[in-house]
Structures are given as C-alpha cells and as structure tokens.
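The values are calculated or read from the model by the stated rules, or taken from the named source; none is laboratory data. It should be emphasised that the depicted structure is a prediction, and the values quoted were computed from it without experimental measurement.
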Amino acid sequence: MSNHHNKLRKAKSKYLVTGSVIALIIAASPYIFYSYESFPQTKMWETFLFTYEANWYEEVYVSVWTMMGKFVPMLLLIIWFITCKHWWYHVILIPIGMFAFQLFSVINDDVRITDEVEIWWLFPIMLVIVPLVYLIKAKLSNQLAGKDLKSFEEELGAQKNFWQQIKDLF
C-alpha cells in the first residue's frame, strides 16, 4: 500500500511540475514576444557566435519582431496540441504547420535558404500527418477501452516488425 501511495505522490508531483512549466511558458509568452525590443535597430548584428544581416527587413529589430509574431502563436498552439484532450486535437496541427511555414518564410526572406513554393509541401504533409495521428489515437483509445493497462503494456512490449505495427493500426 505504501508503494502505491509513493507512486501516486510522484505522479502528482510530476503533474504539478509539468503544469507549472507549461503555465510559466504561457505566462511568459508576452515577454517572449516583446524580446524583439532587446535587438539592435541596425542592419547587421554581430555576436561572438555569428553575424546576422537583415536583408529583406532592413533592420534586425524588424526581422526579429516578425519572427516573434510567428513563433509565439506557434508555441502556444504546440502547448495546446500537447495538452488538449479533445478528440479533434489533431486539427491543431494545421495552424501549427501554417505558423511553422510562415516562420520559415520570414527566416528565409533574409537568409535565402529555399524558394517560395514551400506552402505546397504543407498540404501533402498534412494529408499524411492528420490521418496518421487520428489512427494512432483511435487505436490507443480502442486498446485502452477494451483492456486493462497490464495487457496493454504487454502488447506494447511485444516485438513486432514495421509491417505488423502498420497492420495493427488498421
């Protein structure tokens, strides 16, 4: 009984720490966004690690402001996705992908990593990710509803090859 009590206490403690970290990140999100004010209002920013030149936005300050305008909503959406317990949570991946693409595009404006057709890559990727996440969630929900946790853990621990795992999803 004491061992069970210690496990519950550790689980509650871990839950409290995780929740506190998430709450701290959410509470700090305005400060994360306004961190752009600490960057120089010049075209070039030199540090001991790297040199950043704002080509498209002409000032580092404006470039970082634009990046933070994409990063902070994406961060909050990722937290929402991770903590959401509703059946529809996988659709949050779509705006996460949109903000990730926009953030990459903002960085690409100055750095010129790739061309401008990345948005067309988002659609096929989402066509794969959304059904896959939904199928995995459905399989896990089905397994948990039909069996106790012991048998579920035994099934997860069983050695299966890649094709057996894919077959189990369907």
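The table below lists the values:
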{"quantity": "The range 33-87: number of residues that are closer than 30 Å to Lys137 by Cα and either under 16 Å from the mean Cα position of the chain (by Cα) or polar (S, T, N, Q) (or both)", "calculated": "16"}
{"quantity": "Helices (runs of 4 or more DSSP H) contained in the range 58-170 and holding at least 3 residues outside the structural domain of Ile25 (by TED's automatic domain parsing) and modelled with pLDDT of 75 or more", "calculated": "119-146"}
